[in-house]
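Take a look at the structure set out below.
The values are calculated or read from the model by the stated rules, or taken from the named source; none is laboratory data. Please read these numbers as outputs of a predicted model, since none were measured by experiment. In this analysis, Cβ positions are derived from the backbone assuming ideal geometry, glycine residues included, and neighbour counts consider all displayed protein chains. Heads up: the accessible areas ignore ligands, DNA and RNA and are worked out on the full protein's heavy atoms, side chains in. Shrake-Rupley method; radii C 1.70, N 1.55, O 1.52, S 1.80 Å.
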Amino acid sequence: MDYFCIVFDMDGVLFDSERIYARAWREAGQTFGLADLEASINACIGRNSADIRAFVADKYGPALPVDTFIAEIRAAFKKIADAEGLPLKPGVFELLDWLKGTNAKLALATSTGEKTAVEKLSAAGLLPYFTVLVTGDMVLHGKPAPDIYRLACEKLGVPPDVCYAVEDSPNGVLSAHAAGLKTLLVPDVITPTAEIFSLAFKAFPSLFDVKAFLRASADG
């Protein structure tokens, strides 16, 4: 195959948004008097809405109005993002523009719902780079299950073992690895364990380094 097939995660890979999500969780958690929020925040990074809802319901029990709590998180996130903007991770356009020049086949596999994902990508000018968009509401089981990456490869029309995944979170790495992709790990807010590093094909400090690796692979 003379072109790259790459499936990108969105939050924490393209957008520097996980820190905003964490702030939103803390604001909502304070409103509802919840404890042990940091562990919950980390556990939910990379999961889709249905899995987050199930996690919160199991973690905090029937006394918590789960839908109201999640709505509060979303409202807090929107308030922060509207006021401060939604920053991109360094190197996003440099990597995507270079890949576009190589005729790479690019997909997105995000746990975010389709409507929100399209809005975020469109506002940032990123949507045209991706020929395939798979979102958390398109699969029954979100990350760390492999469903979302398998569907992305199916829509790209290529087998998983010829695809790279670009991920930042443990749940994302587990998902991509289980689906059979070669995972390029760019850690964000969670420091990966030795196990997560071992499941990644390669790990990099930034998207600039991912570009350098892919360029060297193309030249080699």
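A few points about this structure:
- Förster radius 25 Å - calculated FRET efficiency between Lys155 and Asp97, Cβ distance, rounded to 0.05: 0.65
- Rounded to the nearest Hz, the phi-derived 3J(HN,Hα) couplings of the range 163-179 under the Karplus curve 6.51 cos²θ - 1.76 cosθ + 1.60 (θ = phi - 60°) are 9, 9, 10, 10, 9, 10, 10, x, 4, x, 5, 4, 5, 5, 5, 5, 7, where x marks glycine and proline.
- Computed from the C-beta positions of Asp2 and Thr131, the FRET efficiency with R₀ = 22 Å rounds to 0.80.
- Calculated on alpha-carbon atoms, Rg and Dmax of the range 1-95 in Å: 15.7, 56
- Backbone HN-Hα couplings from phi across the range 68-80 [Karplus 6.51/-1.76/1.60, Hz, Gly and Pro as x]: 5, 4, 5, 4, 5, 4, 5, 5, 5, 4, 4, 4, 5
- Cross-link reach list, lysines versus Lys211, counting only Cα pairs under 20 Å and skipping chain neighbours closer than eight places: Lys89, Lys100, Lys105, Lys182, Lys202
- 5 angstrom amide H check on Thr131, placed H, neighbours 5+ away: Leu106
- Here, the range 28-166 has an Rg and a Dmax of 17.0, 53 Å when only alpha carbons are counted.
- Spread of Cα-to-Cα distances over 5 Å intervals beginning at zero, given as percent, for the range 96-151: 4, 20, 26, 21, 17, 10, 2
- Kirkwood-based Rg to Rh ratio, the range 172-220, C-alpha trace: 0.99
- No Cys partner within the rule (Cβ under 4.7 Å), the chain: Cys44, Cys153
- MRE, 222 nm, helices only [DSSP H, n ≥ 4, -39500 (n - 2.57), over the chain, to nearest 500]: -16000 deg cm²/dmol
- Taking amide hydrogens as placed 1.01 Å from N in the peptide plane, the amide H of Phe4 sits under 5 Å from those of Ala104, Lys105, each at least 5 positions away in sequence or on another chain.
- Normalising by residue count, the range 116-220 has a Cα convex hull of 122 Å³ per residue.
- Among beta bridges identified by DSSP and lying wholly in the chain, the antiparallel ones come to about 5 percent.
- Accessible surface, the range 103-220, averaged per residue in Å² (probe 1.4 Å): 44 Å²
- What the range 19-62 shows is 52 Å² of accessible area per residue, with the surface traced by a 1.4 Å probe over protein heavy atoms.
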